[in-house]
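Some notes on the structure that comes next.
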Amino acid sequence: QKEVEQNSGPLSVPEGAIASLNCTYSDRGSQSFFWYRQYSGKSPELIMSIYSNGDKEDGRFTAQLNKASQYVSLLIRDSQPSDSATYLCAVKPLLNYGGSQGNLIFGKGTKLSVKP
Amino acid sequence: DTGVSQNPRHKITKRGQNVTFRCDPISEHNRLYWYRQTLGQGPEFLTYFQNEAQLEKSRLLSDRFSAERPKGSFSTLEIQRTEQGDSAMYLCASSPGWQHNQPQHFGDGTRLSIL
């Protein structure tokens, strides 16, 4: 059973602080990793994708991947109240490790609250 | 470049009725996915199309569920004899077809409520 684990939160940070969101996954063969943001009642919106070990930065967002530890994280710098949402970690297993061609495996999401 | 479009946005129906949802993917995306999401959970994979071919179905997709993508463009998801447990947000996503690791982009979803 391939699993993706996230702390459900809520994670509360003050405006302007760094928010750190973490995710672990069970399938060591996983190759593609994604972070989605989901506002209440809305659909997931892609924020970041990462495929190689290390850091990937895009504006205020930094994704970090450590395949040896099976760990992926998302840092949000200068957090804003508009960042308050649920952040979903999604993992795509590798085909030849029994992964499908299609599906992403999602965690349950971490609810982030940024206080003004 | 328009995004993924889903219709209807909301559907309320009585238990036992049949419902059908439509998804129009991003143009030129030949991969289309259906997911289901319930409150407090992440999306769960239902099925996946490459062009018009349905290549994979989850164990979640019981025989009451059927999905089609007849011309490789839009897709429909039908649920027959709906049950209370079918109440959820049904999400459609699409991605380009040239690599398996391309990100999936989601539509706004169809929220199904079973009375």
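None of the figures in this text is laboratory data; all of them are computed from the coordinates on show. Computed from a prediction, not measured in an experiment: that's the story for all the values here. Quick reminder, even Gly has a Cβ in these numbers, built from the backbone with ideal geometry, and neighbours come from all protein chains shown.
What order do you get for B:3-13, A:43-53 when each peptide is scored by the mean count of other beta carbon atoms within 10 Å, highest first? Intermediate values should be presented prior to the final figure.
Values: B:3-13: 15.3, A:43-53: 17.5.
Output ranking for B:3-13, A:43-53: A:43-53, B:3-13.
Can you give the mean number of other chain Cβ atoms that lie within 10 Å of the Cβ atoms in peptide A:40-50? The partial results should precede the final answer.
Values: counts 0, 4, 4, 15, 10, 3, 5, 1, 1, 4, 0.
Taking the mean over all residues of the peptide, I get 4.
Let me know the mean shielding of B:32-44 by other chains, meaning the per-residue number of their Cβ atoms within 10 Å of its Cβ. Present the calculation step by step, with values, prior to reporting the outcome.
Values: counts 1, 3, 2, 5, 0, 6, 0, 0, 5, 5, 15, 11, 4.
Whole-number average of other-chain Cβ neighbours for B:32-44 is 4.
What is the gain in length, in nm to one decimal, between A:TYR39 and A:ASP55 on full extension, counting 0.36 nm per residue of separation less the C-alpha to C-alpha distance?
Details: separation 16, 0.36 × 16 = 5.76 nm, distance 2.51 nm.
Length gained, A:TYR39 through A:ASP55: 3.3 nm.
Take A:LYS67 and A:LYS115, extend 7 Å from each Cα along the Cα→Cβ direction, and tell me the distance between the two endpoints in nm.
In this crude label model, A:LYS67 to A:LYS115 measures out at 4.1 nm.
If the limit is 25 Å between Cα atoms, which of A:LYS56/A:LYS108; A:LYS108/B:LYS57; A:LYS111/B:LYS57; A:LYS2/A:LYS67 go over it? Could you put the intermediate results ahead of the total?
Numbers: A:LYS56/A:LYS108 23 Å; A:LYS108/B:LYS57 21 Å; A:LYS111/B:LYS57 30 Å; A:LYS2/A:LYS67 15 Å.
Violating the 25 Å Cα-Cα cut-off are A:LYS111/B:LYS57.
Just need the relative contact order of chain A here, percent rounded to a whole number, with Cα pairs under 8 Å and 6+ apart. List each step's numbers first, then the result.
Numbers: 287 pairs, mean separation 43.4, N = 116.
Relative contact order of chain A: 37 percent.
How would you rank A:26-32, B:89-95, highest first, on the average number of other Cβ atoms within 10 Å across their residues?
Values: A:26-32: 16.3, B:89-95: 24.6.
Averaged packing, sorted descending, gives the order B:89-95, A:26-32.
Rank the residues A:ASP78, B:ASP86, B:ASP63 as a footprinting-exposure proxy: fewest other Cβ atoms within 10 Å of their Cβ go first. Numbers along the way, then the final one.
On the way: A:ASP78 12, B:ASP86 19, B:ASP63 6.
Starting with the residue having the fewest Cβ neighbours, the order is B:ASP63, A:ASP78, B:ASP86.
Shielding by partners for A:75-86, please: the mean number of other protein chain Cβ atoms within 10 Å of each residue's Cβ.
Working: counts 0, 0, 0, 0, 0, 0, 0, 0, 0, 0, 0, 2.
Shielding by partners across A:75-86 averages 0.
For chain B, modelled as a Gaussian network with Cα springs under 10 Å, which listed residue fluctuates most, B:ASN18, B:ASN101, B:ASN51?
Between B:ASN18, B:ASN101, B:ASN51, it is B:ASN101 that shows the largest mean-square fluctuation.
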